[in-house]
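Presented below is the structure to which this report refers.
Bear in mind these aren't lab numbers, they're just calculated from the coordinates by the rules spelled out. All values reported here derive from a predicted model rather than from experimental measurement. With ideal geometry, Cβ positions are generated from the backbone for all residues, glycine too; neighbour counts draw on all protein chains shown.
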């Protein structure tokens, strides 16, 4: 995968600029955290990146985008719909094939959901739903993962587990994050946003949690 690039990206919402002339380049293989208070422009920046690189990237949206009436298996399997023809996907919707169950199960076990394979997503806790959405993104096997607060609904041990799984699976990662300690632990570079503009763009090794806390 080539580098990700945005040049002079601007976005508006209800006549208010939420992203103002943002330009950045993210080399392939880099792991980036987007930090800043709510409304700073992190979600909008991720959306623009996803629109431009949706063919090569997997998205973990903040609203998760799950189907509550379907099982965890079916929601995760949706990450593989592009791999198979429609008739094959319909078969798995009605009666999951063992080969596809075998593909999904290890990711659920890695994320602590092995016992929820066929549980309806609507019966899960918020943290379990978030992990389901992460598994759906990881099973795509994309070289890029874009995540909008992918650990906001889980406790610290689960957050470490999720971020470790993302980094193990994916070469290039861009995550909007609120926890600056986690951002410094699992990424190579931090981009700090404030009022729709980039105010920090440094390697994690040159930053402290105290410096980033000033963005909040």
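Each principal axis of segment 67-141 carries a Cα extent, and these read 32, 24, 18 Å when sorted largest first. The fewest-to-most ranking of 35, 76 by surrounding Cβ atoms within 10 Å reads 35, 76.
By the count of other C-beta atoms within 10 Å, a proxy for reagent exposure, 82, 160, 74 are ordered fewest to most as 82, 160, 74. Ranked for footprinting exposure by Cβ neighbours inside 10 Å, fewest first, 145, 174 give 145, 174.
Cα centroids of segment 89-126 and segment 164-198: 28 Å apart. Taking Kirkwood radius over Cα pairs in Å as calculated from this structure, the corresponding entry among (i) 17.9; (ii) 20.7; (iii) 20.0 is (i). Largest mean-square fluctuation among 94, 151, 72, in a Gaussian network model of the chain whose springs join Cα atoms under 10 Å apart, belongs to 94. Pop the C-beta distance of residue 93 and residue 208 into the FRET formula with R0 = 41 Å and round what comes out to the nearest 0.05. Working from the Cβ atoms, E equals 0.25. Legend: calculated FRET efficiency, residue 51 to residue 119, from the Cβ-Cβ distance at R0 = 45 Å, rounded to 0.05, equals 0.85. From its DSSP helices (H runs of at least four residues, each -39,500 (n - 2.57)), the chain gives a residue-normalised ellipticity at 222 nm of -10500 deg cm²/dmol.
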